Amino acid sequence: MENTWTLLIVDDSPADRTIYRRYLSQDLHHRYTVFEANCAEQCLTLCQQQAFDLILLDFRLPDQDGLHVLAVIKTLYPQTVVVMLTGHGDEQIAVSAMKGGAQDYLVKDSLEGSGLQRTIRNAMHQAQLRQQLREHQERQRLIIHIAFRIRQSLNLEETLQTAVTEVRQLLQCDRVFAYQFFHDMSGQIIAESVGEGWSAALGKVVVDTYFQSHGIEAYRGGRKQVIADIYAANLDGCHIALLEQFEAKASLVIPILIGNEDEGKNQLWGLLGAHQCSNSRQWKMNDIHILDELSVHLAIAIQHAEFLAKTQAALEKEKNLAKFKSQIIATVSHEYNSPLAAIQAAAATLKAHHHYLDIARQVQILDIIEQKSKHLSLLVKDMLLVNQADLGKLQLKPMALDLEETLAQVIVEQQVFDRHQHEIVLSIRGNIADFSGDRGLLRQVFVNLLSNAIKYSPKDSRIQIKLIGEANQVRCLVRDQGIGIPKKDMERLFQPFNRGSNVGTIAGTGLGLQIVKIVVELHGGTITLASQEGKGTRVMVCLPKQPYGDRSVTAFTLPDQPNAAIHQPPSISLRQSHSQRSLTGEQID
C-alpha cells in the first residue's frame with residue numbers, strides 16, 4: 001500500500017460526492033484522505049487551510065464555473081493536480097480545462113469506480129514524474145552552471161562561493177558550506193552561504209579529535225552523513241556539540257575526494273555540507289544527488305586550481321608572454337586527464353567500501369562519476385585530435401589490424417556504459433583481412449559512431465553494425481532507429497561544435513562526426529550519412545585496405561525506399577554481456 005493521498009471533491013451534489021467517496025474507498029492501490037466542498041468559495045477556503053495532492057473539480061458550481069476556479073487554483077497552488085468533472089456534450093469545456101492546467105477530465109454521466117481510480121492514479125503518477133523531471137532539470141542546470149564556471153575560471157574561491165550559494169537556494173536550507181582539511185585533519189570553512197538570522201561560520205577553524213582518530217577513513221571511503229535530527233541520530237556527544245556550534249538541527253555532509261596517484265588512494269580534501277537550522281529535516285534523495293554530483297565537479301575545480309597555482313609559479317620565470325600563453329594552454333590540456341583519474345579512483349574506492357552504502361546508492365554514485373569522467377575524457381581527446389588536425393600534425397601509424405576484434409571490443413565497452421539498453425548487432429561479410437590502419441584513430445571512429453547511435457536511439461531499439469569486406473576496401477555501416485537529423489542541419493554536421501537542432505537535452509560536444517570525417521579522410525576513405533528526422537540515421541564509412549589518399553564527405557536525406565538489399569551471412573548479436581550467433585540472415589541497404 002502506497003502513501004495516503006489528500007484529495008478534495010468539489011461538487012454541489014451530495015449524492016455525487018458520496019458516490020465518489022465510495023469509489024475511492026474501493027481502490028486497492030491507494031488510500032485517500034478525502035475533503036468535500038459544495039461550492040467554489042468553500043473550495044478556495046479549504047485550499048488556504050490544507051494542501052491537497054489532487055482536486056476533483058465539477059465544472060458546474062452554484063457560485064462560479066469550474067474553469068474560473070481552475071485558473072485560481074493553478075495560479076495559487078500550481079503543483080496541485082486538478083481533474084475536471086464535466087457532463088456529456090461538454091467536450092469543448094474539457095479541452096479548455098486541459099489548456100487551463102487540468103491534468104485530465106471525466107464525464108460524470110458515464111463515470112465508473114475503476115475509471116475514477118485509474119484516472120486519479122494516472123494523474124498523480126504524471127504529476128510525480130513532472131516533479132521529478134523539474135527536480136532533475138534544476139539539478140542539471142546547477143551542475144552545468146558550476147561546470148561552466150569551472151571551465152571559464154580557475155579561481156577556486158569564486159567557484160566554491162558560486163556552488164554553495166546556488167545549492168542553498170536550490171535546497172532551500174539554512175546553510176551550505178565548503179570545508180577544507182588541514183594536514184592534521186583539523187579544518188576551516190572556506191566558502192559559505194547562510195540564511196538570514198543564522199550565525200556566519202565562514203573562516204571558522206574546527207578541531208575535532210574524534211573525527212581525526214575515527215572518521216577520516218570512513219569519509220575517504222565515500223561515506224555520506226545524512227542526519228534528519230541530530231538529537232535522534234544516536235550521535236556522540238562531542239559530535240552533537242560540534243553541530244550545535246553551527247546551530248544545525250539536521251545535517252547532510254558529502255566528502256570531497258581528490259585522487260592521489262602517488263599514494264594510490266583518495267585524498268580527503270574536504271567536505272561539502274548542508275544544514276537545516278530551523279528544524280529537523282528529512283533529506284530527499286534529490287538533495288543527496290545534488291551534493292554528490294557537485295562534489296565531483298568541485299574536486300575537478302580544486303585540482304584545476306592547484307595545478308594552475310603550480311604552473312603559474314613555474315611560469316613566472318618565463319619572460320616571453322607568447323611562450324607563456326602557449327605553455328599554459330598546452331600544459332592544462334595535457335594535464336586535464338588528472339581530475340579524470342581522480343574520478344575513476346573515487347569510483348574504485350566506493351566499490352571497495354561498499355559496506356558503507358546500500359547497493360542502489362553505490363550504483364548511482366558510480367554512474368555519475370563514470371559518466372562525467374567519460375564525457376570529460378572524450379572531450380579532451382576530441383579537442384586535442386581536432387587541434388592536431390588543424391595544425392597538420394595528425395599522422396597515421398598504420399599497422400595490420402583485425403577490424404572485427406577492434407569493433408567487437410568497442411561494442412562491449414559501449415554496452416557497459418549503455419547498461420545493455422540497446423540491441424547491438426554486428427554482422428560480417430566478405431574478406432576483411434589484410435587491412436592496415438591506425439588502431440587508435442579507428443577506435444575513435446567506431447566509438448563516435450556507436451555512441452551516437454546509442455545516445456540518440458530509444459531504449460530497447462536495435463543498432464546494426466555491418467562490416468563488408470571487398471577487394472580493395474572495407475565498408476562499415478552503422479544504422480540506428482533514433483531521432484534522426486533534420487534536413488536543414490545536414491550540411492553543418494561535419495563542422496566542429498555543430499549538432500542537430502532536435503537533440504534537446506541529450507549531451508554531446510558536436511565534435512564526433514568531424515573527428516570521424518578527419519580520420520576517415522586521413523585513411524583515404526569516404527563517409528556518407530543518410531538520415532530522416534524521426535526515422536533514424538545510417539552512416540557508411542569506406543576505408544581502403546591501404547590507408548592513403550584523400551576523399552570527400554557527403555551528406556544527404558534518407559530516401560523513402562531503401563536501396564537494393566544485399567544478402568549476407570549470419571550476424572553476431574551483442575545485446576547481452578556475451579556474444580551469441582543469430583541464425584537469420586541480415587541485409588545491407
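The values are calculated or read from the model by the stated rules, or taken from the named source; none is laboratory data. These figures come from a predicted structure and were not determined experimentally. Cβ: placed from backbone, ideal geometry, glycine included. Neighbour counts: every protein chain shown. Heavy atoms of the whole protein, side chains included, go into the accessibility calculation; ligands, DNA and RNA do not. Shrake-Rupley method; radii C 1.70, N 1.55, O 1.52, S 1.80 Å.
Model label points for residue 535 and residue 67, set 7 angstrom from Cα along the Cα-to-Cβ axis, are 4.0 nm apart. For the range 2-48, the square roots a ≥ b ≥ c of the C-alpha gyration tensor eigenvalues yield an a/c of 1.5 or more together with a/b not exceeding b/c, which makes the shape oblate. Exceeding 29 Å between C-alpha atoms, which entries from my cross-link table qualify? They are 284/535; 74/284; 74/487; 459/545. In this structure, 284/535; 74/487; 459/545 exceed 29 Å between Cα atoms. Protection proxy ranking for 517-530, 430-443, using the average of other Cβ atoms within 10 Å per residue and placing the highest first: 517-530, 430-443. A 1.4 Å probe over all protein chains sorts 168, 22, 361, 31 by accessible area into 31, 22, 168, 361, starting with the largest.
Translational diffusion of the range 39-84 was estimated from the Stokes-Einstein equation, with Rh taken as the Kirkwood radius over Cα pairs; at 25 °C and 0.890 mPa s the coefficient is 235 µm²/s.
From most to least packed by mean Cβ count within 10 Å, the peptides 108-115, 474-481, 532-539 give 474-481, 532-539, 108-115. Please work out whether the range 444-530 counts as rounded, prolate or oblate from its C-alpha gyration tensor, where a ≥ b ≥ c are the square roots of the eigenvalues and a/c under 1.5 means rounded, while otherwise a/b larger than b/c means prolate and anything else oblate? Oblate, because a/c is 1.5 or more while a/b does not exceed b/c.
Shape of the range 1-127 from the C-alpha gyration tensor: rounded (a/c under 1.5, with a ≥ b ≥ c the square roots of its eigenvalues).
Nothing charged except the Cβ atoms of Lys and Arg (+1) and of Asp and Glu (-1): what's the magnitude of the dipole of the range 458-539 about its Cα centre? Round to the nearest 20 debye.
The calculated dipole for the range 458-539 is roughly 180 debye.
To the nearest 10, the accessible area of residue 105 is 90 Å² with a 1.4 Å probe.
At full extension, residue 76 and residue 393 could sit 107.9 nm farther apart than now, given 0.36 nm per residue minus the alpha carbon distance. Ordering 93-102, 174-183 by mean Cβ neighbour count within 10 Å, with the highest value first, yields 174-183, 93-102. Compared with the alpha-carbon gap, the fully stretched path from residue 137 to residue 309 is longer by 58.5 nm at 0.36 nm per residue.
The stretch between residue 400 and residue 13 holds 131.0 nm of extra length on full extension. This uses 0.36 nm per residue minus the Cα-Cα distance. Here the label points at residue 45 and residue 413, each 7 Å from Cα along the C-beta direction, are separated by 6.9 nm in the simple model. Note on the range 46-190: with neighbouring protein chains present and a 1.4 Å probe, carbon and sulfur make up 48 percent of its accessible heavy-atom surface. With R₀ fixed at 45 Å, the C-beta to C-beta distance from residue 118 to residue 358 puts the FRET efficiency at about 0.85.
For the pair residue 29 and residue 130, label points projected 7 Å from Cα toward Cβ lie 1.8 nm apart.
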